[in-house]
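Engineer: Please read through the structure below; I'll follow up with questions.
The values are calculated or read from the model by the stated rules, or taken from the named source; none is laboratory data. All values derive from a computational prediction rather than experimental measurement. Heads up, the Cβs are rebuilt from the backbone with ideal geometry, glycines too, and the neighbour counts pull from every protein chain shown. SASA here: full protein model, heavy atoms, side chains in, ligands and nucleic acids out. Shrake-Rupley method; radii C 1.70, N 1.55, O 1.52, S 1.80 Å.
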Amino acid sequence: MKVYLETYGCQMNEYDSELIRSILAPHGHEITMAVEEAEVVLINTCAIRENAHRKIYGRLDMLRPLKKEKERFVVGVLGCMAQNLKEELFDHPVVNLIVGPDSYRSLPKLIDEVIGTDRQEIEAYLSEYETYSDIAPTRVEGVNAWVAIMRGCDNFCTFCVVPYTRGRERSRSIENILSEVRSLAEKGYRQVTLLGQNVNSYRDEGAGFADLILKAADVPGIERVRFTSPHPKDFPRPLLEAIASHPNICKHIHLPVQAGSDRILDLMARTYTRKEYLRLVEEIRRLIPGIALTTDLIVGFPTETEDDFQETAGLYKDCRFDSAYIFKYSERKGTIASRKYPDDVPPEVKTDRIVRLIDLQRAISLEKNRAKIGRALEVMIDGEAERRPGHQMGKTEGNTTVVFPRTAFGPGATVSVQIDDVSSNTLYGRPVER
Ligand code: 5AD
Ligand code: SF4
């Protein structure tokens, strides 16, 4: 059968879609890029914020004409929204298959059961063990390969749906992950990004995440290792030492802060204070000078006052992040916050706060980028620059995009680029001799 597979959400979902491709292939299913010719449409969904939901319902609406037209047509909702909403999704007339993140091995069987029938099937139980570690993902070619080192999350931040959609935390074994990284290097990937909801709680017998990342960085052929995300509450010193000492581990940490007021941090159950976070940032910068720091932040969490927000803005100015993802709080079904704290910050207040914070971040990012003018930075080439003919683009160690005139080298090569001009999110320069 021809399968059209679409992915929303985070890198973990991208990785899962690569697993799904590998699960479907041995059953004779073929991936198509054209939705009109598909007999099976699978949408791998995200549940993290309301707009993720809205996008997916919009997508399902667009499939209505195809559903009417075709006799054999399966529409499956996979991923976090499938797990979070379960049967509720059958309310949408095009949906006849619902499969959660731990149930992908059943996909071929479920597709066979529903194709050409009026049946609806759902499989959305959470597993304590499933890591799909025996399945090699079918990746799209590129420079970077995502590698999930663990699944699930045990943190239960009060705003977050992930512990309910992805279940309990479980780690893959170091040996299993390293053999995947070795085979990626042999296939020509130059960068791997290790993924987990909280990589700092990675465990394999006595070993932790620092042991794993050092070994991954030692794999011949792998030139850059990235990871996302660590939780600030249990940031281990050995991990900082690993990043500082190993030239192949990118000097970049994505360290979600979520809020800058102790009262809100407590309501979010983040289990650190503003002061502890600032102390960690200071330690990181002392041990790894020049490191890029990025973050995630939520405005408008229930009961957030202007004073709370000012504390967040203040922390922001103190930390001077290289960049940040800033979100308006959105209540998610099943979370602790949805049960305990009414979503009481008016939408216009959320909008006002997010705009102020984005402006602040833009100014900081621009200032930090300006300081790079005149410097030569190591850039790993991703490929052609989409919007600048004759130019290539790539990433610095800190994960900032750099655009420069085309070189003789292709994706995966590292070149030295002297920075001449900047915007708040892109650097522009020319290749120079190393
Ligand atoms: N509302 C808004 N933002 C959220 N995030 C997670 N849950 C919510 C929510 N309910 C944000 C957090 C997280 C990022 C992936 O998404 O900042 O780090
Ligand atoms: Fe990824 Fe979380 Fe969205 Fe699931 S809910 S796709 S884990 S961001």
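Residues are listed down the side, and each one gets a yes or a no for (1) within 19 Å of Gly196 (Cα to Cα); (2) more than 16 Å from ligand 2 (Cβ to nearest atom); (3) assigned to a helix (DSSP H, G or I); (4) touching a Lys or Arg at 6+ places or on another chain (Cβ under 6 Å):
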| site | (1), (2), (3), (4) |
| --- | --- |
| Gly9 | yes, no, no, no |
| Asn13 | yes, no, yes, no |
| Ser22 | no, yes, yes, no |
| Glu36 | no, yes, yes, no |
| Val41 | no, yes, no, no |
| Ile48 | yes, no, no, no |
| Asn51 | no, no, yes, no |
| Gln83 | yes, no, yes, no |
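Engineer: Pairs, please: C-beta under 6 Å, at least 6 apart or cross-chain, first residue under 29 Å from Lys395 (Cβ atoms) and in a strand (DSSP E or B) and in region 190-208, second open to solvent by less than 20 Å² (accessible area, probe 1.4 Å) and of a type in the set (Phe, Trp, Tyr)?
Structural biologist: Final answer for the pair search is Leu194/Phe227.
Engineer: May I ask you to verify whether Asp154 is more than 25 Å from Lys55 (Cα to Cα), open to solvent by 20 Å² or more (accessible area, probe 1.4 Å), in contact with a helix residue (DSSP H, G or I) (Cβ under 9 Å, 6 or more places away or on another chain) and within 16 Å of ligand 2 (Cβ to nearest atom)?
Structural biologist: The answer is yes for Asp154.
Engineer: Might you let me know whether region 316-326 holds any residue that is within 16 Å of ligand 2 (Cβ to nearest atom), over 21 Å from the mean Cα position of the chain (by Cα) and open to solvent by less than 20 Å² (accessible area, probe 1.4 Å)?
Structural biologist: Among the residues of region 316-326, not one is within 16 Å of ligand 2 (Cβ to nearest atom), over 21 Å from the mean Cα position of the chain (by Cα) and open to solvent by less than 20 Å² (accessible area, probe 1.4 Å), which makes the answer no.
Engineer: Restricting to region 89-129, name every residue that is within 16 Å of ligand 2 (Cβ to nearest atom), over 18 Å from Met150 (Cβ atoms) and open to solvent by 10 Å² or more (accessible area, probe 1.4 Å).
Structural biologist: Within region 89-129, just Ala124 meets the criteria.
Engineer: Just name the residue that is surrounded by the most Cβ atoms within 10 Å (Cβ to Cβ) out of those in region 328-357 that are within 16 Å of ligand 2 (Cβ to nearest atom) and assigned to a loop (DSSP other than H, G, I, E, B).
Structural biologist: By that ranking, first place goes to Tyr329.
Engineer: Restricting attention to region 154-188, which residues are away from ligand 1 (no atom under 16 Å from the Cβ), over 19 Å from Asp134 (Cα atoms) and modelled with pLDDT of 95 or more?
Structural biologist: Correct list: Gly167, Arg168.
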